[in-house]
Structure formats: C-alpha cells, structure tokens
Amino acid sequence: MCLAIPGQIVGISAEQPLLARVDVGGVQRNVNIGLLEEGAATGDWILIHVGFALSKIDEAQAADQLRMLRAMGEDKLAIEEVRGYSFADANGELNEIRR
Amino acid sequence: MKYVDEFRDPEVISGVAREIARTVDPARHYRIMEVCGGHTHSIYRHGLRDVLPENIELVHGPGCPVCVLPTGRVDDGLTIAAFDDTILTCFGDMMRVPGTKGTPLELKARGADIRMVYSPLDALRIAEQNPTKRVCFFAIGFETTAPSTALTILRAQALGITNFSVFCNHVTIVPAMRAILDSPDMRIDGFVGPGHVSSITGCRPYEFVARDYGRPVVVSGFEPLDIMEGILMILHQLHAGEAKVENQYGRIVPWDGNPPALRAMETVFELRPYFEWRGLGFISQSALSIKPAFAAYDAEAIFEIPGVRVTDPRGAQCGEVLKGVLKPPQCKLFGTECNPEHPIGALMVSSEGACAAYYRYALHAEAVEA
C-alpha cells in the first residue's frame, strides 16, 4: 500500500480547487491535490496515494512509475484502486471542470 | 540468475551488481535492512538476492503497515463494527488481516457492515450518504498515508459532517528504526531508507541514525536499479568509514519533505506516549493519535474500545520475522498452516509483508531451481 500511482491532471474543479480530475491509464477519477505545495494545473503529472496527490512528477517519471508498477505486478491493482475512488464522482460535486 | 522483462535495463543492473561485487570485502558480512515493505516486495519480485554477493544479507524491516499492527488493535477496531448503526471502513489490505475472531472479511460475511475503501475520502463519502449511521475509518499506515487521513478529518470538519470518525493506527518510522538500533540482537550495518514515506518526512529525520549510531542511511526508490544503487552507496560509506544520510530517490524525495503534508499531520495528530508494534513490543512516541481538538472525529473517544492485548497466534513467529531474527521459511507455520490463501499472521497478508513476498517469489524460484 506504499506504492504510488502515476496520473495526469485533465481538469481542476471550479468549485473545489483542491479537487482535480485525473487520468490514470484511461480511467478518470477525482483526486485531492491539497498536499501539493505549489498547487497543480491541467496537464501536470502527479503521484497518487489513497486518493491524494503526493507529489508532482514529469512525464518520464510517470512512465517510469507505471513501468515499475507493471514490474511489481501491481498495475491492475493500481487501476482498480483509482476506479474505486468514489468521492466527488462525476455525477456529484465535480460537474464543472475547468479545462 | 534471472531477470524479469520489465527491468529498466538488465545491462545497467548487471553493471551495478558487478560494481557491488567488486566493492564488497569478502572477509566481511554485511547486514543491510530495507526498512520499507515496498522494497521487500521489489527485492523478492525481482530476485535481487540472487544478484547480490552472498555476504550481503538483506534484513526485512518493519515498514509494512498491516504487518506491524498487533492483533489487539485489529480486535479493537473490529469491536467498532459490532455497535448498532455503524459502518466500519478500511483499506483492502486490512480486510484479510486476522483478528482473534476472524478477519474483517469474515466478520462482514457474518453480517457486520464492513466496507473496503480505497481512500479515507471514500469513507467520508459513505458518512455523507448514510447520515443515520456512524461511519468509522480504520486508519493504518506510515507517514505516506497519515496526511491523507489528516486532510480527510479537516474536510469532515469543514463540511460539518458529524457521523464520521477515525480509528487511528498511524505509526511513524523513525522510532521503529531507533528500537531496532537499540535492540541487542539486531546488528544492522546500514539502512535502505523508505521511498514514499520520505517524500513526506524528507531525509532529516534519519540524521540521528548516522550521527548517534554511526550507520549509513540511503533513501532509495523502488525499482531494482534504485535498490541496488542504494546498497552500493551504503557499501561506499561503510568502506570510507562514513555514516551519513544520502538520497538516491531525489526525483521524488525532497530533502525537507512535503510541507503541506507535515502541516496537516501537525494540525490533527499528536504523538502517543507509546504504542504496541507487532514483534517490536511497545515503542514510545511511535504512533499518532487524534488531538483533543478533533475528539469529535476520534473513534477512541466516541466508542468504548476494550484496548485488548493479544499474543500472536500459537506457533506463529511473526515477531521474530519482523525483527529480522528469523527468515520467513524458518517460521514453523510458514507455507503449511500459514499461506497467502489462509494467512495466520499479517506478514502473509500484504504483498509488502516479508512472508507473502517470500512465498510468492522466492519459494517458487527455489522450487524451479531445485
């Protein structure tokens, strides 16, 4: 459970600036970006842990991280986890996304 | 010797392995502890023991949250599910950890409302959707996870949600390392420091290991190459007679950590005077509790929790394995009564547990080689 999942921000909530829409391997869910000191913007790559962005990374690091998850046999688990994030789902609080 | 296909570059790994082989003093035995369970998983998964010289012994550290949680705390948490109109939520890893009366999964099958969540925010969401129920999140994890719980409590407060609480079992890695260094039967020459925990804490908290105990710490990433480089950096320090904290994982770990995460933890949590760790016993100031200002969200303030102490299941030697005194297959129950399908001890549950990792990878490899 210590492993972090790479994803790319595709939108930030207009009403809740600490919520970002993130794409992880084609699955899009919301994550909390309240732990990022300098905030985040659409297009940024992040490492996600239990629904929170832990740190910003670059695209190459995201690819590294994804390959590592695959090597650890945990890539499917990671997608399953992201798919499981149910807070502020698309029908809920995050209907307006600033792109 | 075999490599999995996904290695970044087997040539590079071989290069580091050769460099390590050239660097070791054949007359010396090295005991290097990888603190984090994620490292343990990676080491077994990639067969790194096979590419290291025999006189480098890797000792598996306590950095696996479900593994160090004593059975008594599991039982305590499960009593919450027995209260009326209560929903207990926990991470998937927790669902299969045995308490005295069964795992959360088994209790769920017997009718308890226990739900798996992937994020503490999901638990908060369940509280919002079930205003007539009391929803408790069974929080476990090191500093990687604790800030997420802290922010969730702050969010519950901001939203005015009053039926949400946290059974807090967050632990901190540094006191556990100190306990290991103070233990007479554990001689460790150097530490591969945890990766993602350090992305929160930074590297400074490990400085006492170098300063007071004269042991190197190299914070490392999780790829095979990262771990091998971390080990090589430890060897270089040992041979130079140095002891310092180095950061192999600088691409993710800032030297000073993650300030917003540290602030969130500081706001919501305080250190417990002591906390029980499986295998390591009671360690002072090694775990977090919820500050009185947030008592409305503290399951230990809301529910009557027995606070039981329970010994490990008969015959299981989880404690000795956790301390690195025994290797997983040396436990009497390993692979027979205790296996990933029917785990008796927590180290067989999580993929970061030494026993599960050994069972899945090393045992299989040995069977293939034999």
Note, ³J(HN,Hα) from phi for the range B:130-139, Karplus 6.51, -1.76, 1.60, rounded to Hz, x at Gly and Pro: 10, x, 8, 9, 9, 10, 10, 9, 7, 8
Interatomic Cα distance distribution for the protein assembly as shown, bins of 20 angstrom, percent: 25, 59, 16, 0
Built amide H within the under 5 Å cut-off of A:Ile57, gap 5+: A:Trp45, A:Ile46, A:Leu47
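Dividing the alpha-carbon radius of gyration of chain A by 2.2 N^0.38 Å (N being the number of residues), what value is obtained?
My calculation over the Cα atoms of chain A gives 0.99.
What does the charge count around B:Thr172 come to, taking other residues whose C-beta lies under 11 Å from its C-beta (Lys +1, Arg +1, Asp -1, Glu -1)?
Spelling it out: positives minus negatives among the neighbours equals +1.
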Charge dipole of the protein assembly as shown about the Cα centre (unit charges at C-beta), most positive-ward option of B:Ile234, B:Phe334, B:Gly141: B:Phe334
Cα-based Lys proximity count in the protein assembly as shown, under 25 Å, for pairs eight or more positions apart or on separate chains: 10
For B:Thr103, B:Thr89, B:Thr23, order by how many other beta-carbon atoms lie within 10 Å, fewest first: B:Thr23, B:Thr103, B:Thr89
Neighbour net charge for B:Asp113 - beta-carbon separation under 12 angstrom, K R +1, D E -1: +3
Integer Hz, Karplus 6.51/-1.76/1.60 couplings in order for the range B:222-238, x for Gly and Pro: 9, 6, x, 5, 4, 5, 4, 5, x, 5, 4, 5, 5, 4, 4, 4, 4
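Subtract the Cα-Cα distance of B:Ala109 and B:Thr311 from 0.36 nm times their separation in residues, and report this length gain in nm to one decimal.
70.2 nm
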Full-stretch length increase - B:His29, B:Glu57 - with 0.36 nm per residue and alpha-carbon distance subtracted: 9.3 nm
Charge sum, other residues only, whose C-beta stays under 10 Å from B:Ile305's C-beta, Lys/Arg counted +1 and Asp/Glu -1: -3
Projected label distance in nm at B:Leu159 and B:Thr132, using a 7 Å step from Cα toward the beta-carbon: 2.0
All Cα pairs of the range B:264-363, percent lying beyond 17 Å: 61
Amide proton proximity set for B:Arg115, modelled H, under 5 Å, gap of 5+: B:Leu88, B:Thr89, B:Cys90
Chain B, helix-only ellipticity at 222 nm - DSSP H runs n ≥ 4, -39,500 (n - 2.57), divided by all residues, nearest 500: -11000 deg cm²/dmol
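Since every read-out is calculated from the coordinates, none of them should be taken as a lab result. What you see is a predicted model, and the numbers here were worked out from it, not measured in a lab. Every residue, glycine as well, gets a Cβ built from its backbone with ideal geometry; the counts of neighbours run over all protein chains shown.
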